[in-house]
Amino acid sequence: MALNRETSGNRWRIRPDGPGKVTGGLAYLTDLSAPNMLHGLVLRSPHAHARIAEVRTEEALALPGVHAVLTHADVPGLNRFGIAHPDHPVFCEERVRFVGDAVAAVAADSAELAMEALARIEVDYEYLPVVSDPELAMREDAPQLHERGNIQHRNDYVRGDVEAAFAASAHIVEDTYETPRQMHTYMETEGGLFVPEADGRLTVYSATQHGLMDRMQLARILARPEADIRIVSSPIGGSFGGKDELNVQPYGALLALACGRPVKLHNNRFESVRAGLKRHPMRITMKTGVDAGGKLLAHRVRIVSDAGPYSTLSAEVLNFAVEHTLGAYRYEAVEVRSFCVFTNNGMSGEFRGFGGNQALFALEGQLDRLADKLGIDPWELRRRNLRQRGDPGPFEQPIAQTDGARQVWEALPASRLWLERAEAAAAAEAAPAAPTASAAPAAPLGMTPDADLRSASSGTAEAATLQLPWLKIGYGASFVMHGAGLGVGIPDPAGGRLTLAPDGKIEAAFGYEEFGQGLIASLEQMLIEKFGFAGSDLRLVVGDTDAVPDSGSSTASRATSMMWQALERMREPFAHSLLQVASRVLVLPKERLRIGEGGVCDAASGERLLAYRELAQSAAEPIACETSFSYPASPVERVGAHYLYTYCSVGVKVEVNTLTGRVRVLDQFHAVAAGPVVNPQGFLGQIEGGASMALGFTLTEDAVMNSGMYLTRNLDSYLVPTIAEQRGRVEVLPIEELPDGDAHGPRGIGEVGSVGLAPAIAQAVFNAVGKRVSKLPIDPAELQEVPDIVKEGSCPV
Amino acid sequence: MIDKLAAKQADAKLQCEINGSPVTLETPPTRKLLQILRDDLGLTGTKRSCEIGRCGACMVLIDGKPVNSCLTMAYQCTGKSITTIEGLAPEGGLHPVQQCFLEEGGYQCGYCTPGMIVSVTSLLERSPKPSMEEIEEALSGNLCRCTGYGGILRSISRAIERGGMAHEG
């Protein structure tokens, strides 16, 4: 059943953070200010690669109203940061390696004064050769960006005899796929408020995806105990992986401590572009062979990933890409060679999909090309090679078994969109001259009003334009098997705490961040549905290191799964504790009581007997329950191998305008097998939103660089989808069924929606105009055709 | 010269109406309305994002028309009536468009939401039953990175269905 408000019934709930968001009353961390506050700014390198000869700060310091000018000499602890490999300088000492590298920072009475102070800092640079092509960077004679060399990480995976398997293949396809430097484009740029407290502690109000990780890193930079630092990290105006690493925090913290006053930083958009993370541009070459029956025999992959100047989680992203270039299929033999390379380009790092987006674009492209050679339906080729239930994962590692692959495979041909495609194909066969999509759209089942709005209008437009010979319709599909959790070899802790607070609120504390994904809405819904509480009984505590246990990071599509598992673990003991105290107070056997809305109730009648506030006042000791565990991992040595997977099939219908070369996505279908839907509104929003990000990745988004300089500076030249690009229909079908006895519950859905759309669009474009796209975003020039009128020579050329 | 200009600017008075109340501010005539709202008046529901008029996070109504406050200078506000997200409905109440966004989940991170709601409100006041083309045009300057616009379109649909833009509460 398609997921929407109507089919969700009373499980469709208003989010707890909704009222503050629609009224503008919710204060984001960049909305905060404090009395006596200073404004901070960072001086960043104007060069992609240069030696720093000298930095002179005297003139800036002399400016009245400037309270601090800091450089690397002012960092008391480690002058580096980075979650996995701290090699990113807080302030560069002798060398800058990209146009976002920080050299100095200032704090002043106003933002204007701070800007003036930056202009008065003099830095002498000596230019160094810029390394901007990762292939060239790998050569021995290339300028080396780090002592360890330019190859930050390589990851090979070889299984079977791939040469012999190619020799036995009936058909082989080979192509090189290139993907763009996609920008997260969170609407709220990086920033926050940094407050030195009267007791000597420092409070950091700034966005992150793992507050405790920020605390550890800041303690290391500031040379202070972690206990002296409090990180408040929610709410956040979007992150998508982009605020996972430290960004403004080191500068805000150092300036605030240096001045003994609150300091605010808030990046303008260009500063966010130049200093912020991007999705790794990857060049993936694949050679894949099948036998005459369409069985995959050989798969050879070479990945070159542009890491930019510092490590971030580039190695981990590469490991993820390696796993997902194998994906959901079985092969006789595989050989993956992959490289992650330092360059003087922009910073690459964590981004929703984590290397899966690039990998799937290539892998699914191969399947489509092979099906073409074999002359069979691409979806049938996938069926012949899909992992079956019981099969191991891509690295042959044990995985939690589900029927997800089969379920989503079957869902596509049964979808409204694919039935329409079949009708269109039949109609085209009957009347070959007619446009391929002349069939009227089937009546939508259970569609939401927006779908009516979209289809009513775009349907009319479609009908009016369908006859135009330069508009071509095509359908395409892709298959996704996406891992969640951090994978083998990386600590992946989880946990949470439930407390009956003295004021009678049930307090649920988790060390996660709310950046829009709907985490606290999911937490609230689980507490209501699992325990029987009312929303008004609850206090949800996230994003504050002083108040939360270690739950691990809000990344890798893991947080909702881990909250679900934590609540499963705490349900019995916490309910037991509440009812035991209630039983004593009420002098009634525990069996006659249950948890209810507003308080403990009579199990039979449901009548409320004891409000939680009274219960809290009666308890001799606080009633609390805490759990600590880890994200489930596969028992293998292969670093990055996953254990829990989400499966997804994606179908699209596109229209290609061969005069302009522009592609419009008219219709999308997503089947997502991820176990039970925790929060229907959030689930739908994650898939729709992820798909929109994928649409931009495929059609318009690229932060363009030339010799290490950003040509893209703001949203006038970086084109994220607007409502006009999103007027097509989107249908989301969750498949909730899990095998009996499955203990893992809901799988991750935060990223998977952003992965499958690109290859599906590429295949739809091929079906519309017969051209293979292997570079994203799709260049309209590649799809433009010379109009007949020109070809016939009636116009002088 | 610069000092003189600065002195002259600092003397300038802005008189306008913000969310129904008369406001008099001493502010340089070139100061951006976005800064005046957020930094001088503490109306932080109006958001800072691209500051070049592309994203719409800072959208406000000036005499009922949607305007990017990042592109509007103080002198352009003289004598005008400015409505921010905080002034769309009476204190404690919700505008019907806000109510529809709330019910349909027309937001995720919420950072674009005030600007989006301001633009939708203005559209529906001009055209209570807009076509998809009108919606597209009216929201062409409002970017949302989280929702893919699905929830936003559902919210607009619901608001159209309900008709009547009268304030509640």
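Readers should treat all values here as calculations from the given coordinates under stated rules, not as data from a laboratory. Note that the coordinates shown come from a computational prediction; the quantities given were computed from them, not determined experimentally. Cβ: placed from backbone, ideal geometry, glycine included. Neighbour counts: every protein chain shown.
Things worth noting here:
- Of all DSSP-defined beta bridges confined to segment A:472-618, some 70% are antiparallel rather than parallel.
- A Förster radius of 35 Å combined with the Cβ-Cβ distance from A:A198 to A:A223 puts the calculated FRET efficiency at roughly 0.95.
- Eligible lysines near A:K530 by straight Cα distance, threshold 22 Å, same-chain separation 8 or greater: A:K505, A:K590
- Remark: A:M481, A:M216 ranked as A:M216, A:M481, counting other beta-carbon atoms within 10 Å and listing the fewest first.
- Spin-label pair A:Q144-A:A425: with each label point 7 Å from Cα along the Cα-Cβ axis, the two points sit 5.6 nm from one another.
- Think of segment B:2-87 as a dipole: +1 on every Lys or Arg Cβ, -1 on every Asp or Glu Cβ, centred on the Cα centre; then among B:L71, B:T44, B:T30, B:L71 lies furthest on the positive end.
- Where labels lie 7 Å past Cα in the beta-carbon direction, separation of A:Q388 and A:V587 in nm: 6.6 nm
- Inter-chain Cβ neighbour count for A:184-191, averaged per residue, equals 5 (cutoff 10 Å, partner chain atoms only).
- The separation of segment A:12-45 from segment A:51-76, counted between C-alpha centres, amounts to 29 Å.
- Ordered by the number of other Cβ atoms lying within 10 Å of each residue's own Cβ, fewest first, A:F533, A:F629, B:F101 fall into the sequence A:F629, A:F533, B:F101.
- What the Cα atoms of segment B:2-87 give is an Rg and a Dmax of 12.4, 37 Å.
- One decimal place: the segment A:K295-A:R154 gains 47.8 nm when fully extended, by the rule 0.36 nm per residue minus the C-alpha distance.
- Taking 17 Å as the straight-line reach from the Cα of A:K278, the lysines in range (excluding those fewer than 8 positions away in the same chain) are A:K243.
- Cα centroid of segment A:136-167 to Cα centroid of segment A:635-664, whole Å: 26 Å
- Here chain B is assigned +1 on the Cβ of each Lys and Arg and -1 on the Cβ of each Asp and Glu. Its dipole about the Cα centre then comes out at about 360 debye.
- Calculated FRET efficiency, A:D788 to A:T285, Cβ-Cβ distance, R0 = 22 Å: about 0.05 to the nearest 0.05.
- For peptide A:676-684, the mean count of partner chain Cβ atoms within 10 Å of a residue's Cβ comes to 2.
- Pairs of Lys residues in segment B:2-87 that lie 8 or more places apart, or on two chains, and have C-alpha atoms under 16 angstrom apart add up to 5.
- Each Lys and Arg adds +1 at its Cβ and each Asp and Glu adds -1 at its Cβ; summed about the Cα centre, the protein assembly as shown shows a dipole of about 520 debye.
- Fewest-first ranking of A:Y631, A:Y612, using other Cβ atoms within 10 Å as the exposure measure: A:Y631, A:Y612
- For peptide A:27-33, the mean count of partner chain Cβ atoms within 10 Å of a residue's Cβ comes to 4.
- Within the straight-line cut-off of under 27 Å between alpha carbons, the lysines reachable from A:K373 are A:K287, A:K295, A:K472, A:K653, A:K771, A:K775, sequence neighbours fewer than 8 places apart in one chain being disregarded.
- Using the Karplus relation 6.51 cos²θ - 1.76 cosθ + 1.60 with θ = phi - 60°, the per-residue 3J(HN,Hα) values for segment A:744-751 come to 9, x, x, 8, x, 10, x, 10 Hz, with x marking Gly and Pro.
- Positive-end ranking of B:S131, B:G105, B:L143 along the dipole of segment B:96-162, with charges on Cβ about the Cα centre, is headed by B:G105.
- Size of the protein assembly as shown: Rg and Dmax of its alpha carbons, in Å, are 28.4, 99.
- Under 19 Å from the A:E174 label point (7 Å along Cα→beta-carbon), backbone N, segment A:127-148: A:135
- Cut-off 18 Å, label 7 Å out along Cα→Cβ of A:V636, residues of segment A:310-348 by amide N: A:316-338
- Under DSSP loop assignment and at most 15 Cβ neighbours within 10 Å, longest GluC sites (Glu not before Pro)-free interval of chain B: B:1-90
- Taking a ≥ b ≥ c as the square roots of the eigenvalues of the alpha carbon gyration tensor, segment A:13-111 is oblate, as a/c is not under 1.5 and a/b does not beat b/c.
- Long hydrophobic helices in chain A, taken as whole DSSP H segments with a C-alpha length of 20 Å or more on their own axis and mean Kyte-Doolittle hydropathy at least 0.5: A:680-699.
- The C-alpha atoms of segment B:96-162 occupy a region whose extents along the principal axes are 28, 23, 17 Å, arranged from largest to smallest.
- Applying 1/(1 + (r/R0)^6) with r as the Cβ-Cβ distance of A:E626 and A:S33 and R0 = 30 angstrom yields a FRET efficiency of 0.30.
- Summary of packing: across the peptides A:399-411, A:50-62, the per-residue average of other C-beta atoms within 10 Å ranks them, highest first, as A:399-411, A:50-62.
- Gain in span if fully extended, A:A611 to A:E163, counting 0.36 nm per residue against the direct Cα distance: 154.1 nm
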